[in-house]
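Written below as structure tokens is the structure these notes are about.
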Amino acid sequence: MFFFFFFFFFFFFFFFFMFFIIFFILGLFLIYFNKFYFIEYMFFFLNSCLVLYVILIDWMSVMFISFVFLISSMILLYSMEYMNLDFNKNRFLFLMFMFIMFMVFLIISPNLVSILLGWDGLGMVSFCLVVFYQNKKSYSSGFVTVVLNRMGDLFIIISLIWMLNFGSWNYMFLNYYFNLNYLLMIMMMILFASLTKSAQIPFSSWLPLAMAAPTPVSSLVHSSTLVTAGIYLMIRFSEIFLNFNFLNYLLIISCLTMFISGMNAIFEFDLKKIIAFSTLSQMSFMFMILCLGKVDMCFFYLLMHALFKSMMFLSAGILILNMNNNQDIRKMGGLVNYLPFCSLIFMFTLMSLCGFPFFCSFYSKDLIFEYFLMMNLNFIFFFFFLFSFMLTFFYSIRIIYYLMLVNFSMFNYLMIIKFESKILIFSMVFITFIMLFFGSFFMWLMFYKFDLILLEVHYKVLSLFILFFSIWFFFELNNFLFSMKYFFFFFFYFFFGMMWNLLFLKVNFFLNNFLFFGFFTLKLVEIGWIEYSFNSGLLKFLCNLMIFNQKIYFNSYSVYVLMFFIWFLIIFFFFY
């Protein structure tokens, strides 16, 4: 059994890594020659009804699939050691394989029906992965995750119904029907579906709860699969979205989500949840880029985010594994002395998250920051953007402080395992190597023609000022939060640390009322009116009818003679 486990993991690792190389070379070919392929495969032809499966192969889909295969191969190699002692590791392997394949179906599909296949599959398999450990916390988290993701499926189905007016479910044909008024309804449903999958307000509460899944699952979900499906769908529909006015409302939603997620990352002490809130913040950042009309730049940052976010979860998984599955950053400290290599890689990922020079996200984030400063936006958007940008530096410095700068405590000494496997290190080093070089490579590949950006000197050094201000502000706020003098401000901590009570509104109000409505319907309808009308009423009527028939059947001949004369008179007068 142990041999088959390693064999299947190596097989899937080799399979995904080879496909990464093939699709990456194919993506370079499509970019260089500016080509795309539209493939139709006929399943069957029945009664003049042609059933086709359509595949779109362009540079965007192929390059994204190559990144999905790259990250998946390294995560599977990582999981071979990380999940080695788990009893259900074979089930974990096949769930991960299904999860990756559903994401590939979603990426290559230009048809909304086949997109729904991958979209719904991602939601159902993610539920199975969130409840993988099978405890009460995992079940409650999985329930919230699957309910909110099913709402996204509902929006996709509504858009499918509206697209029946066009005669095709392929989204590239929608440009020909742009003058129709009900095209707005389709775009709104696609927008709501993207908001649910990418966990934007008011659907943000499921993302931190999904941290109940194993760490390799979190790495795959937050880097290149489930969370990125919503923004990828928006990128595909961007040519139509940019012609509608509701992108201003989407900009407001993304600004609020980025601000709320940054504030929650400051007040959170669970390491995986802090990284989850950083993912939520970066997804909002991508929506903001898309609202400004920079579609290629949004896709570029999506690829770079997939690299450093997967690396962040993998390195955090090793830290958690060495701390005997402890995820509280207050119980970590001085890890740079005991796990220097893993701590160094984790610092690289945090620097990439902040957009430090010459890391992978610098080439996209700095350019986006300058574009945003050039935009003619009002002060409120400008303030939220700069403050959310500062919060990214802030919670990154906070993680470094608690994990590496705080003194090593006795609790750490009792908990630490000091385990760094070669397989775990290799998967991390490989992605780190790609993370350091792919930023500049893709910048010159995708943006060989730049727009002219003219900024004053104080705007140019604004990001550097935000960095130093975040360092000072962290130590000031850190002393403020842990001072008993300001204990009466505890409700601020509770409010900002619980996503502005959004989690309580979702779980205690929406989901509990939904369950109460189901119980009320069960009591009133199923065991109420239906029980009275059918089980009691109809069944009682049929039983009485059978008893009456039996009385007639077992009666004397006089009853039969009477029934004969009655039917004779009825037939006689009817035909007369």
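The values are calculated or read from the model by the stated rules, or taken from the named source; none is laboratory data. Just so it is clear, the structure is predicted and the values come from calculations on it, not from any experiment. FYI the Cβ positions are ideal-geometry reconstructions off the backbone, even for glycines, and counts take in every protein chain you see.
Hey, any hits in segment 178-187 for a residue that's surrounded by fewer than 22 Cβ atoms within 10 Å (Cβ to Cβ) and within 30 Å of S66 (Cα to Cα)? Full working, then the answer.
Keep residues of segment 178-187 that are surrounded by fewer than 22 Cβ atoms within 10 Å (Cβ to Cβ), which gives 178-185, 187.
Now restrict to residues that are within 30 Å of S66 (Cα to Cα): 187.
Yes, because at least one residue in segment 178-187 is surrounded by fewer than 22 Cβ atoms within 10 Å (Cβ to Cβ) and within 30 Å of S66 (Cα to Cα).
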(request) Could you run through segment 318-334 and say how many residues are surrounded by fewer than 24 Cβ atoms within 10 Å (Cβ to Cβ) and assigned to a helix (DSSP H, G or I)? (result) 7
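Does L233 satisfy the condition of being modelled with pLDDT of 85 or more, farther than 24 Å from L386 by Cα and not small (G, A, S)?
When the stated conditions are applied, L233 passes them.
Condition test on F313, is it assigned to a helix (DSSP H, G or I) and within 21 Å of T215 (Cβ to Cβ)? Let's see the steps before the verdict.
Values: assigned to a helix (DSSP H, G or I): yes; within 21 Å of T215 (Cβ to Cβ): yes.
Here the answer is yes, as F313 does meet what is asked.
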(request) Please name all residue pairs, on different chains or six or more residues apart, with Cβ atoms under 7 Å, provided the first residue is in segment 19-39 and is touching a residue at least 12 places away in the same chain (Cβ under 8 Å) and the second residue is hydroxyl-bearing (S, T, Y). (result) F20/S66; F20/S73; F23/S66; F24/S66; G27/S66
(message) Being out of contact with any strand residue (DSSP E or B) (no Cβ under 8 Å at 6 or more places or on another chain) and touching a residue at least 60 places away in the same chain (Cβ under 8 Å) is the requirement here; does I231 meet it?
(response) yes
(message) Residue under question is L160, and the condition is that it be modelled with pLDDT under 80, out of contact with any Gly (no Cβ under 7 Å at 6 or more places or on another chain) and in a helix (DSSP H, G or I); does it hold?
(response) no
(request) Just one of (1) under 30 Å from S73 (Cβ atoms); (2) β-branched (V, I, T); (3) crowded, with 24+ Cβ neighbours inside 10 Å trips up T257, so point out which. (result) (1)
(message) Is it the case, given these coordinates, that M80 is within 20 Å of the chain's Cα centre (by Cα) and assigned to a helix (DSSP H, G or I)?
(response) no
(request) Would you check if L50 is aliphatic (A, V, I, L, M) and exposed (fewer than 12 other Cβ atoms within 10 Å of the Cβ)? (result) yes
(request) Please find, among F393, F389, the residue that is closer than 23 Å to S261 by Cα, aromatic (F, W, Y), touching a Cys at 6+ places or on another chain (Cβ under 8 Å) and modelled with pLDDT of 80 or more. (result) F393
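For segment 420-427, state whether one or more residues are modelled with pLDDT under 75 and either part of a loop (DSSP other than H, G, I, E, B) or surrounded by 15 or more Cβ atoms within 10 Å (Cβ to Cβ) (or both). Let's see the steps before the verdict.
Step one: list which residues in segment 420-427 are modelled with pLDDT under 75, which gives 420-421.
After this cut, where a residue has to be either part of a loop (DSSP other than H, G, I, E, B) or surrounded by 15 or more Cβ atoms within 10 Å (Cβ to Cβ) (or both) as well, the list is 420-421.
For segment 420-427, residues modelled with pLDDT under 75 and either part of a loop (DSSP other than H, G, I, E, B) or surrounded by 15 or more Cβ atoms within 10 Å (Cβ to Cβ) (or both): present.
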(message) Quick check on this structure: which one of F99, F143, F105, F132 is in contact with a Ser or Thr (Cβ under 8 Å, 6 or more places away or on another chain) and over 15 Å from L220 (Cβ atoms)?
(response) F105
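Taking the condition of a type outside the set (K, R), farther than 22 Å from K137 by Cβ and surrounded by fewer than 21 Cβ atoms within 10 Å (Cβ to Cβ), does F244 pass? Steps first, please.
Numbers: of a type outside the set (K, R): yes; farther than 22 Å from K137 by Cβ: yes; surrounded by fewer than 21 Cβ atoms within 10 Å (Cβ to Cβ): yes.
Answer is yes for this residue.
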(request) Within segment 428-463, track down each residue that is at pLDDT below 75 and within 19 Å of L350 (Cα to Cα). (result) S463
(request) For segment 134-151, enumerate the residues that are touching a Phe, Trp or Tyr at 6+ places or on another chain (Cβ under 9 Å) and closer than 14 Å to L207 by Cα. (result) S138, S141, G142, F143, V144, T145, V146, V147, L148, N149
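State the number of residues belonging to segment 356-367 that are farther than 10 Å from F308 by Cβ and buried (at least 22 other Cβ atoms within 10 Å of the Cβ). Give the steps one after another, and end with the answer.
Going residue by residue through segment 356-367, those that are farther than 10 Å from F308 by Cβ are 356-358, 362-367.
Then keep just the ones that are buried (at least 22 other Cβ atoms within 10 Å of the Cβ); that gives 363-365.
Of the residues in segment 356-367, 3 are farther than 10 Å from F308 by Cβ and buried (at least 22 other Cβ atoms within 10 Å of the Cβ).
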(message) surrounded by fewer than 23 Cβ atoms within 10 Å (Cβ to Cβ) and part of a helix (DSSP H, G or I): is that true of F67 in this structure?
(response) no
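Take S224 and decide whether it is of a type outside the set (A, V, I, L, M, F, W, C) and at pLDDT below 85.
Details: of a type outside the set (A, V, I, L, M, F, W, C): yes; at pLDDT below 85: yes.
For S224, the condition - of a type outside the set (A, V, I, L, M, F, W, C) and at pLDDT below 85 - is met.
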(message) Consider segment 294-350. How many of its residues are among the polar types (S, T, N, Q) and in contact with a strand residue (DSSP E or B) (Cβ under 8 Å, 6 or more places away or on another chain)?
(response) 1
